[in-house]
Amino acid sequence: MSSIIHGAGAATALSTFNPVDSKKLTNLSVRSQRYIVAGSEASKKKSFGSALTVRHSQKLIPNAVATKEADTSTSTGHELLLFEALQEGLEEEMDRDANVCVMGEDVGHYGGSYKVTKGLADKFGDLRVLDTPICENAFTGMAIGAAMTGLRPVIEGMNMGFLLLAFNQISNNCGMLHYTSGGQFTIPVVIRGPGGVGRQLGAEHSQRLESYFQSIPGIQMVACSTPYNAKGLMKAAIRSENPVILFEHVLLYNLKEKIPDEDYICNLEEAEMVRPGEHITILTYSRMRYHVMQAAKTLVNKGYDPEVIDIRSLKPFDLHTIGNSVKKTHRVLIVEECMRTGGIGASLTAAINENFHDYLDAPVMCLSSQDVPTPYAGTLEEWTVVQPAQIVTAVEQLCQ
Amino acid sequence: MALRLRSSLSKSNFFNILRYNNLGFGTASQTTRHLRTHDPTTLLRVSQNPITRFCNTMAEKLSSVGEHEDANAQVMDFPGGKVAFTPEIKFISESSKERVPCYRVLDDNGQLITNSHFVQVSEEVAVKMYSDMVTLQIMDNIFYEAQRQGRLSFYATTIGEEAINIASAAALSPQDVIFPQYREPGVLLWRGFTLQEFANQCFGNKSDNGKGRQMPVHYGSNKLNYFTVSATIATQLPNAVGAAYSLKMDKKDACAVTYFGDGGSSEGDFHAALNFAAVMEAPVLFICRNNGWAISTPTSDQFRSDGLVVKGRAYGIRSIRVDGNDALAMYSAVHTAREMAITEERPILIEALTYRVGHHSTSDDSTRYRSADEIEWWNKARNPLSRLRTWIESNGWWSDEEESDLRSRIKKEMLEALRVAEKTEKPNLENMFSDVYDVPPLNLREQERQVRQTIKSYPQDYPSDVPL
């Protein structure tokens with residue numbers, strides 16, 4: 001497989017996904033700065049194509065957890081929390097393009113229930129940061145209509161679970177109208193909101209909507225997990241001409257990280273290499289990334305070398321990055337928060353089996369939440385979510 | 001003064017305000033004093049609200065409901081404004097004694113009703129309206145027959161509702177954006193969609209704007225500001241509110257116009273959209289074609305209110321009921337409503353009473369649930385075309401000769417358009433996968449490759465009229 005880093009001129013890192021480029025390159029023409037940095041760090045790790053991986057390596061690998069990528073990119077930068085990163089991305093895009101607007105419940109002067117839109121109403125006015133009555137189907141529909149006439153709305157679902165009420169508009173109108181109108185009308189909306197299992201939020205507020213939405217043709221789905229990619233994905237999603245659903249996680253809003261001062265976006269279709277490794281590929285996204293990294297620490301101490309990839313792009317999957325990883329390690333573990341049945345992991349397992357069957361030395365294993373509504377009791381809730389101990393056991397099992 | 005209690009006000013402010021506008025425990029004179037004077041400290045507190053709103057069109061004042069000046073009246077400030085109390089237990093009746101009257105200008109025979117108010121139409125506009133109504137009728141009949149003959153897969157006629165379609169379109173400007181349900185091709189026709197273009201969409205050939213992806217009658221034209229029909233009922237209503245919002249933000253001299261039927265008013269989206277439009281003060285016209293039937297469901301099984309017009313008030317929306325088969329009345333109502341919507345930045349609800357003369361679609365046989373006599377009666381006695389025709393003839397703007405000329409010309413054009421559309425090539429296979437996204441992603445390109453591979457292996461199973 002040819003080198004992954006191509007077409008990576010500095011300018012392209014800042015450009016939007018250019019349709020012309022994609023015809024010449026693969027789908028993934030623009031590499032985020034972060035990935036290039038991680039690649040160079042891992043250069044001592046050597047050839048991706050090499051099949052000569054040593055299992056149960058005796059030497060301990062010093063970097064158990066991914067290096068803080070942002071440190072190496074720029075010496076300056078500023079530290080902020082994930083929700084502030086989202087807000088910064090949103091604000092920058094609203095500054096850059098007067099058509100970008102926000103719609104949702106309590107997004108205006110209240111600043112949003114997770115403060116992602118804090119301060120925006122004061123700066124941009126009520127018309128651009130719109131407080132709506134409580135009807136998700138209506139304001140999603142409204143945003144779609146507005147998008148068809150030239151605005152670029154960012155729809156906030158107070159909790160992703162509430163967007164189930166907007167399913168009709170998202171599926172039938174948002175996903176389909178570009179196609180059924182013969183390309184006459186574009187719907188450049190961004191639908192975002194917090195989802196996932198939180199701390200005792202109850203069953204209805206702990207939904208993983210990525211599994212329900214993944215079949216809708218015409219939409220893209222991405223999940224952010226760090227302040228860096230939150231801001232980058234937010235900006236890329238707003239600039240995209242396609243409808244994009246950006247999944248945030250309730251428990252990740254207070255993550256702190258240093259991000260670059262300059263303008264950057266993250267490619268919507270690209271996965272993120274969190275920790276290069278040789279023994280096994282662990283695919284994950286959103287909050288589970290942190291459980292995986294915690295398990296990775298334990299695994300490293302036990303002598304394993306896991307490669308951790310944050311898939312980020314839930315629809316479509318970045319099979320390029322994932323494939324390269326599978327070809328290197330030959331073992332795959334998927335760790336997700338979705339339920340077992342019909343989740344992202346289920347689709348990813350199918351995709352990997354179909355495409356990379358020859359490279360697998362073991363069946364693809366998928367760790368997911370059970371097919372139960374999330375209980376309120378804290379202890380039970382914890383056990384519906386995949387824990388680091390389970391990840392360690394699964395890796396040991398796979399690497400036997 | 002009606003205070004709007006916002007979450008931004010601190011809790012202490014809230015209680016202070018409550019204390020000043022006391023809960024009517026004082027004497028009558030005290031109460032009225034509170035009603036009339038502005039306590040300066042209260043005012044100060046409110047205006048010291050540090051959050052100011054830019055570009056705001058929020059209704060600053062909500063009209064107080066039932067502001068009493070009686071000596072014994074006590075009033076309370078609930079969130080939302082003052083409300084008078086009453087010691088009588090009185091329910092608001094579920095219906096008024098009389099139904100809301102219906103605005104009409106031409107009587108059943110096409111004669112102008114004396115003392116009627118209407119917006120004057122020029123000869124040019126009136127003749128174009130009538131010609132387009134005739135064209136629509138002929139187009140419907142020919143397409144319907146074509147479906148019955150097996151040349152078209154599906155069709156839905158607009159018979160009986162031509163006046164709503166054409167007259168409303170005539171009253172709008174080309175910049176007004178239309179969000180149709182599926183029984184409004186007349187609006188497109190008025191704006192210049194050709195018979196050939198209609199036929200192309202119905203046959204799904206490569207000249208179709210929609211690239212052959214949707215079923216017949218699901219027209220769409222970006223150029224003519226007519227948004228592609230989405231088959232789901234009433235989902236276009238919130239879309240229209242959003243478009244209206246967008247137009248308002250851009251300060252355009254245009255409004256959004258959306259159509260739906262009596263059945264569509266039962267959908268949640270209808271209620272949400274009306275509520276939203278009122279709150280957002282969006283310049284949108286909600287035109288309901290109350291044609292009596294939602295497939296086989298009569299309006300008595302659809303809702304129990306006095307039609308649609310009374311629902312507007314529930315959401316704070318100005319409404320009017322119009323005779324949908326009276327082209328002049330429709331024109332005037334839509335024209336006036338449009339002015340109001342744009343200048344006053346408000347939504348308007350127009351209920352157009354009419355009758356669905358045709359079947360719901362070619363998949364329906366309406367004689368199974370309604371009498372053929374009823375259909376016949378509406379088709380003959382209440383025909384919108386004949387009423388307008390009488391009026392324009394009485395003005396000397398039309399004649400029998402022009403009628404027959406028009407009809408034969410349109411029929412010929414229509415049959416030709418059908419013939420050409422039928423013969424035109426279908427869009428090629430690539431269009432099955434394009435436009436799902438702006439650029440086809442890897443998985444779709446892969447799937448297209450797989451389909452083409454399958455076709456290569458089994459060429460005899462692939463339809464001969466779809467080019468590769």
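Where strands (runs of 3 or more DSSP E) fall wholly inside the range A:213-285, the ranges with 2 or more residues that are of a type in the set (A, V, I, L, M) and away from every other protein chain (no Cβ under 14 Å) are A:272-275, A:280-284. Please find, within the range A:97-127, the residue that is nearest to A:TYR228 (Cα to Cα) out of those that are touching a helix residue (DSSP H, G or I) at 6+ places or on another chain (Cβ under 9 Å) and part of a helix (DSSP H, G or I). Result: A:LEU120.
Evaluate the range B:158-171: report whether one residue or more is more than 14 Å from every other protein chain (Cβ to nearest Cβ), out of contact with any strand residue (DSSP E or B) (no Cβ under 7 Å at 6 or more places or on another chain) and open to solvent by 20 Å² or more (accessible area, probe 1.4 Å). Among the residues of the range B:158-171, at least one is more than 14 Å from every other protein chain (Cβ to nearest Cβ), out of contact with any strand residue (DSSP E or B) (no Cβ under 7 Å at 6 or more places or on another chain) and open to solvent by 20 Å² or more (accessible area, probe 1.4 Å), which makes the answer yes. The single condition among (1) surrounded by 17 or more Cβ atoms within 10 Å (Cβ to Cβ); (2) under 20 Å from A:GLY161 (Cβ atoms); (3) out of contact with any Gly (no Cβ under 8 Å at 6 or more places or on another chain) that A:THR374 does not meet is (3).
In the range A:164-189, which residues are part of a loop (DSSP other than H, G, I, E, B) and at the interface with chain B (Cβ under 8 Å from one of its Cβ atoms)? Spell out the reasoning first.
Initially, the range A:164-189 is screened for residues part of a loop (DSSP other than H, G, I, E, B), giving A:175-176, A:181-189.
Hits for the range A:164-189 are A:MET176, A:SER181, A:GLY182, A:GLY183, A:GLN184, A:PHE185, A:THR186.
Only residues that are more than 8 Å from chain A (Cβ to nearest Cβ) and either outside any helix (DSSP H, G or I) or of a type outside the set (Lys, Arg) (or both) were counted across the range B:427-447, and they come to 11. Residues considered: B:SER366, B:SER332, B:SER300, B:SER305. Of these, the only one that is out of contact with any strand residue (DSSP E or B) (no Cβ under 6 Å at 6 or more places or on another chain) and within 30 Å of B:GLN147 (Cα to Cα) is B:SER366. If the condition is being in contact with a strand residue (DSSP E or B) (Cβ under 6 Å, 6 or more places away or on another chain) and at pLDDT below 50, then the range A:49-108 contributes A:ALA66, A:ALA70. For the range A:328-369, the set of residues classified as of a type in the set (Lys, Arg) and open to solvent by 10 Å² or more (accessible area, probe 1.4 Å) consists of A:ARG331, A:ARG340, listed by residue number. Taken together, the criteria place B:LYS251 among residues that are in a loop (DSSP other than H, G, I, E, B), surrounded by fewer than 20 Cβ atoms within 10 Å (Cβ to Cβ), out of contact with any Ser or Thr (no Cβ under 8 Å at 6 or more places or on another chain) and charged (D, E, K, R). Which residue out of B:VAL229, B:VAL217 is among the aliphatic types (A, V, I, L, M), more than 10 Å from chain A (Cβ to nearest Cβ) and touching a residue at least 12 places away in the same chain (Cβ under 8 Å)? Result: B:VAL217 is the single residue among B:VAL229, B:VAL217 that is among the aliphatic types (A, V, I, L, M), more than 10 Å from chain A (Cβ to nearest Cβ) and touching a residue at least 12 places away in the same chain (Cβ under 8 Å). For the range A:286-327, filtered to residues that are open to solvent by 30 Å² or more (accessible area, probe 1.4 Å) and not in a helix (DSSP H, G or I), the residue that is farthest from A:CYS266 (Cα to Cα) is A:LYS302. Only a single item in (1) within 13 Å of another protein chain (Cβ to nearest Cβ); (2) open to solvent by 10 Å² or more (accessible area, probe 1.4 Å); (3) of a type outside the set (S, T, N, Q); (4) under 20 Å from A:GLY195 (Cα atoms) is not met by A:GLY150, and it is number (4).
The combined condition, being more than 8 Å from chain A (Cβ to nearest Cβ), open to solvent by 10 Å² or more (accessible area, probe 1.4 Å) and free of Cβ contacts under 8 Å to residues at least 40 places away in the same chain, is not fulfilled by B:GLU281. Taken as a whole, the structure leaves B:ILE178 outside the set of residues that are of a type in the set (A, V, I, L, M) and surrounded by fewer than 22 Cβ atoms within 10 Å (Cβ to Cβ). Look at the range A:99-113: where a residue is under 16 Å from A:LEU246 (Cα atoms) and a partner is open to solvent by less than 40 Å² (accessible area, probe 1.4 Å) and among the polar types (S, T, N, Q), sitting 6+ places away or on another chain with Cβ atoms under 6 Å, you get A:VAL102/A:THR117; A:MET103/A:THR132.
Taking the range B:74-93 as the range and being assigned to a loop (DSSP other than H, G, I, E, B), touching a residue at least 12 places away in the same chain (Cβ under 8 Å) and closer than 20 Å to B:GLY316 by Cβ as the test, the residues that pass are B:PRO79, B:GLY80. In the range A:113-133, which residues are out of contact with any Phe, Trp or Tyr (no Cβ under 6 Å at 6 or more places or on another chain), of a type in the set (Val, Ile, Thr) and within 9 Å of another protein chain (Cβ to nearest Cβ)? Within the range A:113-133, none qualify.
So that you can scan it fast, the table gives a plain yes or no per residue for (1) of a type in the set (Phe, Trp, Tyr); (2) within 17 Å of the chain's Cα centre (by Cα); (3) over 22 Å from B:VAL121 (Cα atoms):
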site: B:HIS335; (1), (2), (3): no, yes, no
site: B:HIS360; (1), (2), (3): no, no, yes
site: B:SER366; (1), (2), (3): no, no, yes
site: B:TRP378; (1), (2), (3): yes, no, yes
site: B:LEU385; (1), (2), (3): no, no, no
site: B:ASN395; (1), (2), (3): no, no, no
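Total residues in the range B:232-267 satisfying the condition of being more than 17 Å from A:CYS174 (Cα to Cα), in contact (Cβ under 8 Å) with a residue 24 or more places away in the chain and of a type outside the set (Ser, Thr, Tyr): the figure is 15.
Can you pull out the residues in the range B:136-157 that are in a loop (DSSP other than H, G, I, E, B), under 26 Å from B:ARG389 (Cβ atoms) and either of a type outside the set (A, V, I, L, M) or within 14 Å of chain A (Cβ to nearest Cβ) (or both)? First the steps, then the outcome.
So the first thing to find is which residues in the range B:136-157 are in a loop (DSSP other than H, G, I, E, B), and the list is B:149-157.
Filter once more, keeping what is under 26 Å from B:ARG389 (Cβ atoms): B:155-157.
Correct list: B:TYR155, B:THR157.
Take the conditions (1) at pLDDT below 95; (2) more than 9 Å from every other protein chain (Cβ to nearest Cβ); B:MET249 misses just one of them, which is (2).
Here is a check on your reading of the model: is B:GLY358 more than 30 Å from A:GLU241 (Cα to Cα) and free of Cβ contacts under 8 Å to residues at least 24 places away in the same chain? Full working, then the answer.
On the way: more than 30 Å from A:GLU241 (Cα to Cα): yes; free of Cβ contacts under 8 Å to residues at least 24 places away in the same chain: no.
Criteria not met by B:GLY358.
Criterion first (under 22 Å from B:ALA171 (Cβ atoms) and of a type in the set (Gly, Ala, Ser)) does B:SER386 satisfy it? Spell out how you get there, then give the answer.
Details: under 22 Å from B:ALA171 (Cβ atoms): yes; of a type in the set (Gly, Ala, Ser): yes.
It is true that B:SER386 is under 22 Å from B:ALA171 (Cβ atoms) and of a type in the set (Gly, Ala, Ser).
Among the residues in the range A:130-138, are any of a type outside the set (Val, Ile, Thr), in contact with a His (Cβ under 6 Å, 6 or more places away or on another chain) and not in a helix (DSSP H, G or I)? Within the range A:130-138, none of the residues are of a type outside the set (Val, Ile, Thr), in contact with a His (Cβ under 6 Å, 6 or more places away or on another chain) and not in a helix (DSSP H, G or I).
The values are calculated or read from the model by the stated rules, or taken from the named source; none is laboratory data. On a predicted model such as this, the values are computed, not experimentally measured, just so you know. Positions of Cβ are backbone-derived with ideal geometry, glycine not excepted, and every protein chain shown enters the neighbour counts. All accessible areas refer to the heavy atoms of the entire protein, side chains included, with ligands and DNA or RNA removed. Shrake-Rupley method; radii C 1.70, N 1.55, O 1.52, S 1.80 Å.
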